[in-house]
Amino acid sequence: MTESKTTLTISSHNYSSWSLRGWLLARLSGLDFETVAVPVDDAAARAELLLLSPSILVPCLTHEGVKVWDTLAITEYLNEIRPDAQLLPADRKARAHCRAICGEMHSGFSALRSALPMNLRGYFPNFRIWSRAQDDIERIVTIWRECLSLYGGPYLFGAISAADAMYAPVVTRFLTYDVKLDKDIAEYCKRILDLPQLKEWIQIAKAETEDIDELDVEF
């Protein structure tokens, strides 16, 4: 019997932060997979990208007959099948901390999501950030600074982990919207942007031609 191929279903490279998270997690795990893209004019995909859908069904990992469609679930699944990649830290306390900040990213920061949507092809210098989004930014910076101090860098938990993948779309948002950052945080962002995997994703995103007008205007 032919073994079914492993796939990761995503939506837009340019606009979908969840797709980027899932793809980075899979790449960092070392899993061999094929990417399948859903067109951005698909009604369900568009609803998710515009934050109009209560569920997030992409990315979806299909592996050996198993379908996993939530980034936290994908993280746990990849950590089980690719333990050597250590997407979650080996130390119990650090692992709990990593899960906590990944969960905070997964369920929080709604103001940041709506005010600074991911748009890798966009650049808005001197973008005006409203107060609730600024509160989210400050909380994220606090998380990063605490992790970098506690675990010694260069990534949030020393070695690269699921946490860096979960927060990578925030790094791209800071670049897109010209968010002013202190030197230590700017240096962390540069390390993330210099990841070969992220560079590959951004290159694909910039070659895409599909537009979502609601996410391309400065508002």
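The values are calculated or read from the model by the stated rules, or taken from the named source; none is laboratory data. Source: prediction; values computed, not measured. So basically every Cβ, Gly included, is an ideal-geometry build from the backbone, and we count neighbours across all protein chains shown. SASA here: full protein model, heavy atoms, side chains in, ligands and nucleic acids out. Shrake-Rupley method; radii C 1.70, N 1.55, O 1.52, S 1.80 Å.
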Quiz item: ALA73 versus SER114, label points 7 Å from Cα toward the beta carbon: distance in nm?
Solution: 2.6 nm
Quiz item: Count the lysine pairs in segment 58-202 that are 8 or more places apart or on different chains: how many have C-alpha atoms under 22 angstrom apart?
Solution: 4
Exercise. Return the percentage of antiparallel bridges among DSSP beta bridges fully within the chain, rounded to the nearest 5 %.
Key: 65 percent
Practice problem: Could you order peptides 14-24, 96-106 by the average number of other Cβ atoms within 10 Å of their residues, highest first? | Solution: 14-24, 96-106
Exercise. With a 1.4 Å probe and every protein chain left in place, work out the accessible area per residue of the chain in Å², rounded to a whole number.
Key: 49 Å²
Practice problem: Please work out how much length the chain gains when fully extended from ALA159 to ASP184, using 0.36 nm per residue of separation minus the C-alpha to C-alpha distance, in nm with one decimal. | Solution: 7.3 nm
Quiz item: Quick one: with all protein chains in place, what share of the accessible area of the chain is carbon or sulfur, to the nearest percent (1.4 Å probe)?
Solution: 53 percent
